[in-house]
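The values are calculated or read from the model by the stated rules, or taken from the named source; none is laboratory data. Computed from a predicted structure; not experimentally measured. FYI the Cβ positions are ideal-geometry reconstructions off the backbone, even for glycines, and counts take in every protein chain you see.
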Amino acid sequence: MPKATCFVWSGIAALLLTFAVLPASAQTGYGEDRARIEDLQARYMFALDFRDPEAYASTFTPDGVLDYGAGEIRGREAIKSFINESRKNAEAQAAKDVSGLRPAAGRHNISNIVLRIEGDKAVGRAYWFHMGNNNPKRTATLDSFGHYEDEMVKVNGQWLFSKRKIYNEQVDKWAARSSNPAW
Amino acid sequence: MPKATCFVWSGIAALLLTFAVLPASAQTGYGEDRARIEDLQARYMFALDFRDPEAYASTFTPDGVLDYGAGEIRGREAIKSFINESRKNAEAQAAKDVSGLRPAAGRHNISNIVLRIEGDKAVGRAYWFHMGNNNPKRTATLDSFGHYEDEMVKVNGQWLFSKRKIYNEQVDKWAARSSNPAW
Amino acid sequence: MPKATCFVWSGIAALLLTFAVLPASAQTGYGEDRARIEDLQARYMFALDFRDPEAYASTFTPDGVLDYGAGEIRGREAIKSFINESRKNAEAQAAKDVSGLRPAAGRHNISNIVLRIEGDKAVGRAYWFHMGNNNPKRTATLDSFGHYEDEMVKVNGQWLFSKRKIYNEQVDKWAARSSNPAW
């Protein structure tokens, strides 16, 4: 057998075996994908609480949907405007503040992330809760909680929200149904 | 050398090299296993708070042990009954409720997950805390916290609790000892 | 072609293909590294709250820097002493306590971990919050929150903090700036 032929056969054998030998985990990459999605979920929170419209909108696909209860906000531009509004409102409030206190801080936290990942699509469930110190003593206070129901897609290797639906236990019609949203 | 022989040798070479070249990470899969265990831990919480006996029991091995302080509950059937009881109690309470308020919600959260994984066995430590709104204004309130000491096994590729021991800082005899439960 | 030559060619083919076929994820190992860093972050919390100087200091590089706001504490020895002091203070307080209550417990939690990892270096952002029960009824209370800005390095395969800077929303000059610390 000529050298070239042997090389080709070697290649085919190697190819087959690489796929056979690679653990399923490395091929489907649940750990890799979950890690990237956890990072996405965390960056979302920083962008939200620090009112960073660009960073926040960039966690969604261009036509991504955000629904925090009041209806669907569609597309990055609309989502960006939404955070911009919240930024302006916060700045207007701060400008009116004569207390001499430092600006109040608020922090959304995510926990209990459940993820089902299939190829370039993922479905997620997670809890969120919020704490803030918007009071005269800047005392840390838990003030709300709920859960997320998410759809995510991997676009050019990057995970993004195609839809985030927010359930909020502080508002009657935004509260969870009684059945388990996860599995 | 005949084609077939070359193919066999190619195969052996490929096999050896695949193992040699694969990063340790992909072989031992700490990231993969940890990702799966985090998902298990999160699904456990949804099943608990939404009182889903099947989903909750399915996070344990068939002979798994749950100990929340009052003694060991052994096996999926007993664990399922335990959640079923909690479901019935909650429904009975809700039926008696004449406040007109939406049902109260409770949420357990996990954080600080420490995991030592060796092959198909894992030992875990983590914090938990609970918030609820079982009050007339449905105000979010932190009400308890503690930690978990877990043993997990991988059965047919799926991580499950073989034992979960719960420490709870709200009850004298269920509180943590003073030494570091992790490492 | 002699058998030996074929084997060598097979090897080269296998080597090339293994690298070509391995998903980028398995090679760069974001998931693996993130998993190890999450474990580090969690062990740090257990060591802190259970006042375990050795375990706490071992999450830093030998010349690692801790800055909780009051200035930089440099090196494992200084960091160990810092936790030792906190241990002694807690024990002295407990010794003076005549309430008959079990010792009070405190728990730091981490959430929203954002990680940028490049080779053996990582930059991190995350939220923290603290709950405790240092009151006459041992009632769980949220009492503070803030965020971390971390630098980490992988030394001999083990991720460690080279620098942790702590922002704390309970103290004017330790509070976050208004711009997004993440990306």
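The table that follows gives values for the structure above.
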read-out	value
Count of the range C:145-163 residues which are more than 14 Å from chain A (Cβ to nearest Cβ) and touching a residue at least 60 places away in the same chain (Cβ under 8 Å)	9
Residue count for the range B:49-69, restricted to those that are out of contact with any strand residue (DSSP E or B) (no Cβ under 6 Å at 6 or more places or on another chain), closer than 22 Å to A:Tyr167 by Cα and not hydroxyl-bearing (Ser, Thr, Tyr)	4
Single match in A:Ile117, A:Ile166, A:Ile113 (criterion: more than 23 Å from B:His130 (Cα to Cα) and β-branched (Val, Ile, Thr))	A:Ile117
Residue match in the range A:100-113 (condition: without any contact (Cβ under 8 Å) to a residue 40 or more places away in the chain, out of contact with any strand residue (DSSP E or B) (no Cβ under 7 Å at 6 or more places or on another chain) and within 11 Å of chain B (Cβ to nearest Cβ))	no
Test: B:Ile166 is within 23 Å of A:Asn180 (Cβ to Cβ), β-branched (Val, Ile, Thr) and within 8 Å of chain C (Cβ to nearest Cβ)	no
Residue within the range B:127-144 that is part of a strand (DSSP E or B), at the interface with another protein chain (Cβ under 9 Å from one of its Cβ atoms) and in contact with a Leu (Cβ under 6 Å, 6 or more places away or on another chain) present	yes
Conditions (1) crowded, with 18+ Cβ neighbours inside 10 Å; (2) aliphatic (A, V, I, L, M); (3) in a strand (DSSP E or B): number failed by C:Val123	(1)
Residue in the range A:53-69 that is charged (D, E, K, R), surrounded by 12 or more Cβ atoms within 10 Å (Cβ to Cβ) and over 24 Å from A:Asn133 (Cβ atoms) present	yes
Output for the range B:33-57, where each listed residue is without any contact (Cβ under 8 Å) to a residue 24 or more places away in the chain and more than 21 Å from B:Tyr127 (Cα to Cα)	B:Ala55
B:Ala70 vs. criteria on the phi < 0 side of the Ramachandran plot and touching a residue at least 12 places away in the same chain (Cβ under 8 Å)	no
Tally, over the range A:169-181, of residues that are within 7 Å of another protein chain (Cβ to nearest Cβ) and not in a loop (DSSP other than H, G, I, E, B)	1
Selection status of A:Ser81, of a type in the set (Ser, Thr, Tyr) and out of contact with any strand residue (DSSP E or B) (no Cβ under 9 Å at 6 or more places or on another chain)	no
Flag for A:Glu118 being more than 13 Å from chain B (Cβ to nearest Cβ), free of Cβ contacts under 8 Å to residues at least 40 places away in the same chain and of a type in the set (Asp, Glu)	yes
Test: residue in the range C:89-106 that is modelled with pLDDT of 95 or more, of a type in the set (D, E, K, R) and surrounded by 15 or more Cβ atoms within 10 Å (Cβ to Cβ)	no
Number of the condition not met by C:Asn168 [criteria: (1) in contact (Cβ under 8 Å) with a residue 12 or more places away in the chain; (2) over 19 Å from A:Lys137 (Cα atoms)]	(2)
